[in-house]
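Below you'll find the structure, written out as structure tokens, and then a few comments.
The values are calculated or read from the model by the stated rules, or taken from the named source; none is laboratory data. Values in this document were obtained by computation on a predicted structure and should not be read as measured data. Virtual Cβ from ideal backbone geometry, glycine too; neighbours counted across all protein chains shown. SASA here: full protein model, heavy atoms, side chains in, ligands and nucleic acids out. Shrake-Rupley method; radii C 1.70, N 1.55, O 1.52, S 1.80 Å.
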Amino acid sequence: MLSTMAGKLTDWLNTQLENRAWSYSDLARQGGISAKTVSAVMLGKRQPGLEFCKAVANAFGEQPEHVLRLAGHLDPLPPETEEPREAASLFARLDQQVR
């Protein structure tokens with residue numbers, strides 16, 4: 001059974017996949033991990049390890065620390081620091097001309 005933190009990660013992953021219209025295979029390909037690993041984590045058959053979290057962060061262009069926090073590998077940030085982190089992440093994804 002997934003821990004609460006791993007469940008938080010899979011909820012976030014499902015949202016990210018839906019927003020991008022990606023499948024588990026797309027995430028695996030973009031992250032350089034196996035589709036079997038993605039499926040096992042998403043179905044709660046495997047806990048998300050450090051390498052999985054780093055691969056997901058790379059695939060989505062996120063900071064690894066954010067994904068590691070969602071998975072419970074790092075302590076959560078205090079609430080007052082979460083909003084600026086999210087804003088910086090969104091800004092980083094903007095096209096250079098839009099910035």
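The figures follow:
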item: The lone exception for ASP95 - which of (1) part of a helix (DSSP H, G or I); (2) at pLDDT below 90 it fails; result: (1)
item: Residue ID - nearest to GLY7 (Cα to Cα), chosen from residues in the range 37-66 that are open to solvent by 90 Å² or more (accessible area, probe 1.4 Å), assigned to a helix (DSSP H, G or I) and free of Cβ contacts under 8 Å to residues at least 24 places away in the same chain; result: LEU50
item: The range 67-84: number of residues that are open to solvent by less than 90 Å² (accessible area, probe 1.4 Å), in contact with a helix residue (DSSP H, G or I) (Cβ under 7 Å, 6 or more places away or on another chain) and closer than 18 Å to LEU13 by Cβ; result: 7
item: Flag if ASN19 is assigned to a helix (DSSP H, G or I), farther than 24 Å from ASP95 by Cβ, of a type in the set (S, T, N, Q) and open to solvent by 20 Å² or more (accessible area, probe 1.4 Å); result: no
item: Which listed residue, of LEU13, LEU9, is open to solvent by less than 20 Å² (accessible area, probe 1.4 Å), in a helix (DSSP H, G or I) and touching a Leu at 6+ places or on another chain (Cβ under 7 Å); result: LEU9
